[in-house]
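Enquirer: Attaching a single structure in C-alpha cells format; questions to follow.
The values are calculated or read from the model by the stated rules, or taken from the named source; none is laboratory data. As the structure is a prediction and not an experimental result, all values here were calculated from the model. Virtual Cβ from ideal backbone geometry, glycine too; neighbours counted across all protein chains shown. Note: accessible area is taken over every heavy atom of the protein model, side chains too, but ligands, DNA and RNA are not part of it. Shrake-Rupley method; radii C 1.70, N 1.55, O 1.52, S 1.80 Å.
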Amino acid sequence: MADSGFTRFELDGSVDHRGGQQFVNGKGFAGDGYESVHRIEPHGFASHPVAGGIGLLTGVRGNRDSAYVVGGENPSLRPQGDFLTAGGTAIYDAAGNIVSIVSAKIRIVHSAEIRLTAPQIILEGEVHIGGEGGVPASMQGTIDSDGDVDISGFATKVFLT
C-alpha cells in the first residue's frame, strides 16, 4: 500500500503567530514530534486551536521539514446535540459559546455579554424582549439619553414619534 503523504496530527496547544501566519507543535504517526508546523486556515477565518485538537499533516513532496497542518478541532469541545442542521454554519469556542446560522435564523448561545460596536446600528423588523413569543418592543423616532434610563410599568409596547 502506498503512503498517501498525510497523517493524523494532534496539537499540543502551543501556537505561535508570526507574520500573519500560525505555527503549531504536536505529534504525528507513532508519536513523531513536530515543531513550528505552518497551520493553514481559510481566508477570513482565524482561530486559536487548543491542546488535543486533531488535524491533517502533510509534507511537501513527503519532506518533514516542509510540513503543513490543516484543521485542529478538539472533538471533546465540539458542541453536542442538534445545534446545527444540514447546510448550517456555526462558530464555537472552548467555553461553549456558539454563533450559528441555521436556516434563516442567526443564534448566539451561552454568551455572558453581547457587545455591538459600530457608528450606527440598525434593527429592522419586530424585536422581542424575553425570547420568541416574548414582549414585542416597537419604537419610532429618536431616543436620546444622557445617563441612566429606567422605563418601568405595565406597557408592553412603546411607540415614539
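Enquirer: Just from the alpha-carbon atoms, what are the Rg and Dmax of segment 7-110 in angstroms?
Expert: Here Rg and the maximum Cα pair distance are 15.4, 46 Å.
Enquirer: Right, something else. Run through the DSSP bridge list for segment 31-113 and note the antiparallel percent, rounded to the nearest 5.
Expert: Counting only bridges with both partners in segment 31-113, antiparallel ones make up about 85 percent.
Enquirer: Of the trypsin sites (Lys or Arg not before Pro) in segment 16-115, which ones lie in a loop per DSSP and count no more than 14 other C-beta atoms within 10 Å?
Expert: Counting only loop positions with at most 14 other Cβ atoms within 10 Å, the trypsin sites (Lys or Arg not before Pro) in segment 16-115 are ARG115.
Enquirer: Under 8 Å for C-alpha pairs, at least 6 residues apart: give me the relative contact order for segment 42-88, rounded to a whole percent.
Expert: For segment 42-88, the relative contact order is 33 percent.
Enquirer: Using a 1.4 Å probe over the heavy atoms of the protein chains, calculate the carbon and sulfur portion of the accessible area of segment 1-129 as a whole percent.
Expert: Exposed carbon and sulfur together represent 55 percent of the surface.
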